[in-house]
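In what follows, a single structure is set out as structure tokens and then discussed.
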Amino acid sequence: MIRNYFKTAWRSLWRNKKMSGINIFGLGLGITCSLLILLWVRDERAVDAFHVNGPRLYQVYERNFFDGKITAGYATQGLLAEELKKKIPEIEYAGGMEYVSQPGTKSTVEANNKITRMNGFFAGSDFFRMFSYPLLQGDAATALTAPNTVAISRDMADYFFGSAEKAIGRSIRFENQQTLQVTAVFSNIPAHSSQQFDFLRSWPDFVKENDWVNNWGNESPSSFIQLRADADPVKVEEKIKDFIYLYTARAPSFRVELALQPYSLRYLYSSFKNGYIDGGRIEYVRLFTVVAIFILLIACINFMNLATAQSARRAKEVGLRKVVGAARSSLIIQFIGEALLLTAFSILFALALTGLFLPVFNSLTGKQLSLPISEPRFWISLLGLLTITGLVAGSYPALFLSSLNPVKVLKGSLKFSWSAAFFRKGLVVFQFALSLILMVGMMIVNRQVQYIRTKNLGYDRENLLYIPIEGELITKYTLFKEEAGKTAGILNISKMRNSPTVIEHHTGDIHWPGKDPNVVISFADGVVGYDYVKTMKLQLKEGRDFSTDFPTDSVGFLLNETAVGRMGLQNPLGQTITWGGHSGKVIGIVKDFHFNSLHQAIDPLILRLDENWPWGTILVRTRTAQTREAIAGLEKLCKQLNPKFPFTYQFSDLEFARLYKSETVIGQLSNYFAFLAIFISCLGLFGLATFTAAQRTKEIGVRKVLGASTPAIAVQLSGDFLKIVMIAILLAFPLSWLIMHKWLEQFAYKTDLVWWVFALAGFATLGIALLTVSYQSIKAALANPVKSLRME
């Protein structure tokens, strides 16, 4: 019996090769899109899920209550982790973690006459006991306990020493300033780790090199804890809530609370709203999960429409089968079997397409995805997909065809009820509504990305280079600036503690005349060099830049407009400000500029001068069209002054683009998936047009006999389908507006939801739909009426 069903299904598919091919292609394309998206979603959800102690690992974050608002972040006090471990019995292990060099840059390391740049962190002594990064050599309990020690990755050990075994006890020169002893070698960090590093330095070195950590009012490192197996995280969180007040006095205008977040959720949930965790990358994961389901639904709807379009041809077959005794249940099984067979071919086609497109998809998303063909779970999932898709896609055609009245069918009077027609058209409306939402979303995302790229940041990011301050440049910066100023193509040079797009350090220890003692304002604070305003091409509202012509500038300050407004200063120039116990005059007011992501509003900013700051970034402004000559000159100069370190630089606009990599990738993915959704939907519309033309063959013949022209008939048939698309447009526009309005809310600075975006998407969809149905409409209109009426 099953064999007969299979043979019948195969013959049916083979007889209708064209429609079967369209069906397999459309469904296979939809499954391919869904597979790619779900592989990406699976990879995102797998990040940090491999840690053995994952259920007991937590990251500490901090809530700040001040100035009438609540903020939150992962920056904590430098001594917090060790003190938590000492004072809270439920905490088994704890440790801090902080960048060795500023985020986005690498450190220079040297050994065995080899020198390279690698990424590293300072980490607490319990690090390897908390996190599952297996040690190939060394002891997890002691690897990071002593000063001047370092744990390195297997790749780093192989590069410098040939093997992990040979690396233990050897020395590495760090930034040509310190000699570190290798105490451990760990396995290379897996791609599914949100922490990516080549080496770890000990926490005692961090404390020694940063004496500010002894002040509990300063924050920067991340703090992680591992609870004991019997500990209740809710009770532990309540215990640590006011923990820092064991070490510092309470202030009426400023309050700090500590809280816990499961470490396994840190990657996906990293955004805060009103002091509490509120989304993050999980929004993109949810969004694309819905997109995958929608695209698969669109493909299944196509199957229904295309299968139904063939019903007029198969109606007599069904009638004959019923006349000779076929039960409805057997017909349903037959048609469901055909759907499952077609779905099986579609899945095979989709697997081939997925394998073909995965390298391109990986390049676009920066992932290392692969089809998990060795996992039984994957094949079980595919079998489930085959069953569900086959049943969903084949259910309506099976129930519809098996319900046909054999007498009416064989008499040639096959008619379909209003409800059946309404259902088919409703499916197409649903398809196009989803496709329109994707299209509008694509256009809005692209507008936002373009808005970010072209937004006036308040400084000129063109022709601006960053060079890390390292090695002998720390002590030879003045000489470097003097010599570089003579190099062809260089306009201005300055320096700063961070980079122009990453001023993350904040302080509340700012005082000025007339300040309300009950109000604490959080200032972003920066340390810069002479000619900073000139090099960045900032706009001065009042006053001047830091200059060597004024010796008192060493204790002067620059403020931005937001800072002046928050401080309530009417005449800020010359006012005395105290920062951390050091007083100085305000020498200039710069117009607001963006020094962080456009996701954030511009904070109050205070800048002070320090030409001798020992780390950070050299800012180099090159002349237009002379950047190549400037880079060549800078490389030659750096090799002379800093021969131990390879010359590295970064363009400002590239670092800026890195801040919005996720949005750029989402925009590109939206483009592709929106196009594919429209394409697949048009296949469904083609199916409905084919079906309708077959149903109205005699009507068209009568109209032509009575004198109707071919263009008039084609316009009438096409108009019926355009009405369906118009309904989809009316339904999709308000939904797409709500979705994109919510998405744009995550940006402090965003593009507008302009009307013409919706209009353009609507007209584009109407045009595509018209092209899709026009072929079938014209074909039906050109048909010979004699053939359609000769049976009457």
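The values are calculated or read from the model by the stated rules, or taken from the named source; none is laboratory data. In this text the structure is predicted, and so the values were computed from the model without any measurement. In this analysis, Cβ positions are derived from the backbone assuming ideal geometry, glycine residues included, and neighbour counts consider all displayed protein chains. Accessible surface areas use protein heavy atoms only, side chains included; no ligands, DNA or RNA. Shrake-Rupley method; radii C 1.70, N 1.55, O 1.52, S 1.80 Å.
Number of residues in the stretch 84-97 that are closer than 29 Å to Phe174 by Cβ and open to solvent by 30 Å² or more (accessible area, probe 1.4 Å): the value is 2.
For the stretch 100-123, taking the residues that are out of contact with any Pro (no Cβ under 9 Å at 6 or more places or on another chain) and outside any strand (DSSP E or B), the one that is surrounded by the fewest Cβ atoms within 10 Å (Cβ to Cβ) is identified as Asn113. For residues in the stretch 584-629 being open to solvent by 40 Å² or more (accessible area, probe 1.4 Å) and aromatic (Phe, Trp, Tyr), which is farthest from Pro551 (Cα to Cα)? This residue is Trp615.
Determine which member of the set Ser253, Ser220 is open to solvent by less than 50 Å² (accessible area, probe 1.4 Å), over 15 Å from Lys86 (Cα atoms) and either aliphatic (A, V, I, L, M) or within 34 Å of the chain's Cα centre (by Cα) (or both).
After applying the criteria, what remains is Ser220.
When you check Leu268 against the structure, is it of a type in the set (A, V, I, L, M) and surrounded by 18 or more Cβ atoms within 10 Å (Cβ to Cβ), yes or no? It is true that Leu268 is of a type in the set (A, V, I, L, M) and surrounded by 18 or more Cβ atoms within 10 Å (Cβ to Cβ). State all residues of the stretch 630-645 that are open to solvent by 50 Å² or more (accessible area, probe 1.4 Å) and in contact with a helix residue (DSSP H, G or I) (Cβ under 9 Å, 6 or more places away or on another chain); if no residue qualifies, say none. The answer is Gln640, Pro643, Lys644.
Taken together, Pro376, Pro359 contain a single residue that is without any contact (Cβ under 8 Å) to a residue 12 or more places away in the chain, open to solvent by 20 Å² or more (accessible area, probe 1.4 Å) and closer than 23 Å to Gln196 by Cα, which is Pro359.
Per-residue answers, yes or no, for (1) without any contact (Cβ under 8 Å) to a residue 40 or more places away in the chain; (2) among the acidic types (Asp, Glu):
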| site | (1), (2) |
| --- | --- |
| Gln539 | no, no |
| Asp545 | no, yes |
| Ile577 | no, no |
| Lys585 | yes, no |
| Leu609 | no, no |
| Gly616 | no, no |
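Restricting the first member to the stretch 95-109 and to residues that are at positive phi, and the second to residues that are aliphatic (A, V, I, L, M) and assigned to a loop (DSSP other than H, G, I, E, B), no beta-carbon pair is closer than 6 Å while six or more apart or on different chains.
When Leu246 is tested against the conditions (1) surrounded by fewer than 19 Cβ atoms within 10 Å (Cβ to Cβ); (2) among the hydrophobic types (A, V, I, L, M, F, W, C); (3) within 22 Å of the chain's Cα centre (by Cα), the lone failure is (3). Looking only at residues of the stretch 550-571 that are over 28 Å from Glu462 (Cα atoms) and not in a helix (DSSP H, G or I), we find that the one that is modelled with the highest pLDDT is Gly556.
Please determine whether any residue of the stretch 454-463 is in contact (Cβ under 8 Å) with a residue 24 or more places away in the chain and touching a strand residue (DSSP E or B) at 6+ places or on another chain (Cβ under 6 Å). Yes, the stretch 454-463 has at least one match. Every condition in (1) in contact (Cβ under 8 Å) with a residue 40 or more places away in the chain; (2) open to solvent by 40 Å² or more (accessible area, probe 1.4 Å) is met by Gln570 except one, and the failing one is (1). Per the listing Leu414, Leu427, the residue uniquely on the phi < 0 side of the Ramachandran plot and modelled with pLDDT under 70 is Leu414. May I ask you to verify whether Gly68 is buried (at least 22 other Cβ atoms within 10 Å of the Cβ), at pLDDT below 95 and closer than 30 Å to Tyr245 by Cα? For Gly68, the condition - buried (at least 22 other Cβ atoms within 10 Å of the Cβ), at pLDDT below 95 and closer than 30 Å to Tyr245 by Cα - is not met. Restricting to the stretch 444-466, count the residues that are surrounded by 22 or more Cβ atoms within 10 Å (Cβ to Cβ), modelled with pLDDT of 85 or more and farther than 20 Å from Asn596 by Cβ. Final tally of qualifying residues: 1. Give the residues of the stretch 544-560 that are under 24 Å from Pro500 (Cα atoms) and open to solvent by 60 Å² or more (accessible area, probe 1.4 Å), sorted by residue number. Within the stretch 544-560, Arg544, Thr548, Ser554, Val555 meet the criteria.
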